[in-house]
Amino acid sequence: MNNLSHAARLSPDMLNAIADEVGTPAYIYDVLAVEAGIRRWIDAVGDPARISFAAKANTNLAVLALLERSGVGIEVATPGELARARAAGFPEGRIVLGGVPKSESAVRAGIEAGVGMIVLQSGHEVEAAIRHASSYPHGPLPVGLRVRPGIRAGAHPSLETGRADAKFGFAPDRIPEVWERLASADRVRPRTLAFHLGSGLDAVDPYEQAVELMLSLVKSLAATGAPVAELDVGGGLGIDYAGDRDPEPAMLVEALAARLEGVPIELRFEPGRSVVARAGGLLTRVLYRRERNGRPALVCDAGYTDFARNALYGAEHAIVPVEGELTGEPIVEVLGPTCESGDVLGTNRRLHAVRPGDLLLLRDAGAYGFVMASNYNSRPRPPELLANRDGWKVVRPRESLEDLWRGEVIS
Ligand SMILES: Cc1ncc(COP(=O)(O)O)c(C=O)c1O
């Protein structure tokens with residue numbers, strides 16, 4: 001899709017008013033863009049129940065509640081995300097406790113909450129699920145196994161999660177033995193093979209390769225008495241941060257559905273970034289200009305404690321002045337105010353006309369933005385706002401200074 005109907009539309013008037021009334025930095029999510037982001041997936045997949053939004057991308061309750069209303073499910077990685085999903089209104093049956101490393105108590109929390117499925121990704125989790133399965137309130141516990149397909153895919157090495165040396169999941173040759181173990185256990189029902197290749201993917205062939213491998217496993221598991229009912233292909237579809245050519249969910253869904261033609265297996269998708277990334281922006285004010293390495297730099301009131309993606313992955317997001325134009329050579333750096341040299345928001349920008357006090361909007365910050373914010377340097381985390389054509393509202397206030405030491409004691 002090139003018209004980006006799922007991108008936030010935040011007017012300069014609104015952004016100025018937000019800066020005046022709420023201050024900066026601030027995250028703003030466009031309601032229509034969130035709805036359009038999930039609608040693309042529902043239109044592609046057909047059935048919202050086959051989609052589990054990956055909560056890790058954005059756990060704001062107001063955003064989750066918008067997604068819940070669309071009828072999709074949710075994939076949660078931790079008891080914390082599980083509690084947020086419930087607080088946002090997701091019924092337990094629409095929650096998948098996903099295939100990231102989990103403690104025994106996390107597996108147990110998912111079982112006791114009655115989630116729709118738990119994806120297990122280590123022997124330790126398998127044994128925990130078997131031990132606690134009798135606490136599942138709805139009959140046999142539906143489980144999946146995460147496979148590590150040994151495929152390199154992802155926008156950055158830290159975002160590649162399906163490699164042979166990744167820390168997630170089982171190597172394919174271990175699956176039959178683990179599946180058998182689950183199939184023969186009391187009150188457990190293995191039903192799903194899952195993988196998650198990585199994040200920021202723009203092509204379908206890695207998914208096709210992984211599905212090919214899953215189908216060979218499906219064949220070898222057919223005789224176990226617990227045939228595979230579902231392939232969970234994880235998330236990972238990226239957005240075009242440098243432009244407007246976002247990979248289409250429909251492209252992925254059609255390619256995989258064609259591969260499964262005639263095979264009685266359902267597909268599950270766990271998109272995060274591609275649903276909400278375009279819907280959010282981070283508003284920041286320029287504190288001052290300086291020179292660094294002979295180049296102009298803008299130091300802003302938002303830093304990597306608010307938005308970590310550049311510091312973590314070198315991710316470059318569009319950063320635009322709320323008023324005014326981009327001018328000159330692309331050499332301006334955009335920096336945060338904390339005490340780390342790596343506190344960078346963007347490099348090589350045409351922001352020569354920007355002056356201290358001006359507002360900048362860092363675009364496409366709706367995924368892996370606020371959720372990765374920290375309190376380093378005792379910086380209160382920024383507020384989160386929902387906006388639509390009629391106005392905006394704060395859905396999570398800026399943290400106060402007292403919030404910074406809540407629960408701490410001086411002994
Ligand atoms: C198991 C699993 N599913 C889904 C996702 C979502 O990925 P993305 O936001 O790239 O779509 C992740 C991201 O880490 C994940 O680990």
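Can you say whether Gly80 is crowded, with 22+ Cβ neighbours inside 10 Å and under 16 Å from the mean Cα position of the chain (by Cα), as far as the supplied structure shows?
Here the answer is no, as Gly80 does not meet what is asked.
Report, by residue number, each residue of region 2-30 that is buried (at least 16 other Cβ atoms within 10 Å of the Cβ) and outside any strand (DSSP E or B).
Result: Leu4, His6, Ala7, Ala8, Leu10, Met14, Leu15, Ile18, Ala19, Val22, Thr24, Pro25.
Taking region 160-180 on its own, how many of its residues are more than 22 Å from Tyr207 (Cβ to Cβ) and free of Cβ contacts under 8 Å to residues at least 24 places away in the same chain?
Of the residues in region 160-180, 1 are more than 22 Å from Tyr207 (Cβ to Cβ) and free of Cβ contacts under 8 Å to residues at least 24 places away in the same chain.
With (1) without any contact (Cβ under 8 Å) to a residue 40 or more places away in the chain; (2) within 24 Å of Val147 (Cβ to Cβ) as the list, and Glu68 as the residue in question, which single condition is left unmet?
Exception for Glu68: condition (2).
Of the residues in region 191-233, how many are over 30 Å from Glu316 (Cα atoms), within 16 Å of the ligand (Cβ to nearest atom) and of a type outside the set (D, E, K, R)?
Here the count works out to 6.
With the structure loaded, tell me whether Ala129 is more than 16 Å from the ligand (Cβ to nearest atom), among the small types (Gly, Ala, Ser) and farther than 20 Å from Lys167 by Cβ or whether it fails that test.
When the stated conditions are applied, Ala129 does not pass them.
Could you say which residue among Ala297, Ala302, Ala277 is within 14 Å of the ligand (Cβ to nearest atom) and buried (at least 19 other Cβ atoms within 10 Å of the Cβ)? Talk me through it step by step, then tell me what you get.
On the way: Ala297 fails: within 14 Å of the ligand (Cβ to nearest atom); Ala302 fails: within 14 Å of the ligand (Cβ to nearest atom).
None of the others qualify; the one that does is Ala277.
Restricting to region 31-65, name every residue that is buried (at least 21 other Cβ atoms within 10 Å of the Cβ) and away from the ligand (no atom under 13 Å from the Cβ).
Ala33, Val34, Val45, Asn60, Val63, Leu64
When you go through (1) farther than 27 Å from Arg273 by Cβ; (2) surrounded by 14 or more Cβ atoms within 10 Å (Cβ to Cβ); (3) acidic (Asp, Glu) one by one for Asp173, which number turns out not to apply?
Unmet condition: (2).
Would you mind stating whether Asp246 is outside the structural domain of Val320 (by TED's automatic domain parsing), charged (D, E, K, R) and farther than 26 Å from Arg94 by Cα?
Details: outside the structural domain of Val320 (by TED's automatic domain parsing): yes; charged (D, E, K, R): yes; farther than 26 Å from Arg94 by Cα: yes.
When the stated conditions are applied, Asp246 passes them.
Is it fair to say Gly238 is within 13 Å of the ligand (Cβ to nearest atom), among the small types (Gly, Ala, Ser), under 15 Å from Gly144 (Cα atoms) and in the same structural domain as Leu201 (by TED's automatic domain parsing)?
No: the conditions fail for Gly238.
Please go through region 73-88 and give me each residue that is out of contact with any strand residue (DSSP E or B) (no Cβ under 7 Å at 6 or more places or on another chain) and either in a loop (DSSP other than H, G, I, E, B) or of a type in the set (Gly, Ala, Ser) (or both), ordered by number.
Kept after step one, since they are out of contact with any strand residue (DSSP E or B) (no Cβ under 7 Å at 6 or more places or on another chain), are these residues of region 73-88: 77-81, 83-84, 86-88.
If the condition is that a residue be out of contact with any strand residue (DSSP E or B) (no Cβ under 7 Å at 6 or more places or on another chain) and either in a loop (DSSP other than H, G, I, E, B) or of a type in the set (Gly, Ala, Ser) (or both), then Ala77, Thr78, Gly80, Ala83, Ala87, Ala88 are the ones that fit.
Out of everything in region 262-274 that is modelled with pLDDT of 95 or more and surrounded by fewer than 19 Cβ atoms within 10 Å (Cβ to Cβ), what residue ends up being farthest from Leu237 (Cα to Cα)?
Restricting to residues being modelled with pLDDT of 95 or more and surrounded by fewer than 19 Cβ atoms within 10 Å (Cβ to Cβ), the top hit is Ile265.
Could you give me the residue pairs with C-beta distances under 7 Å whose first residue belongs to region 47-61 and is touching a residue at least 40 places away in the same chain (Cβ under 8 Å) and among the polar types (S, T, N, Q), whose second residue is in a strand (DSSP E or B) and within 14 Å of the ligand (Cβ to nearest atom) wherever it lies, and which are 6+ apart or on separate chains?
So the pair list comes out as Ser52/Gly73; Ser52/Ile74; Ser52/Glu75; Ser52/Val96; Ser52/Arg268.
The values are calculated or read from the model by the stated rules, or taken from the named source; none is laboratory data. Predicted, not measured: the structure shown is a model, and the values here were computed from it. Positions of Cβ are backbone-derived with ideal geometry, glycine not excepted, and every protein chain shown enters the neighbour counts.
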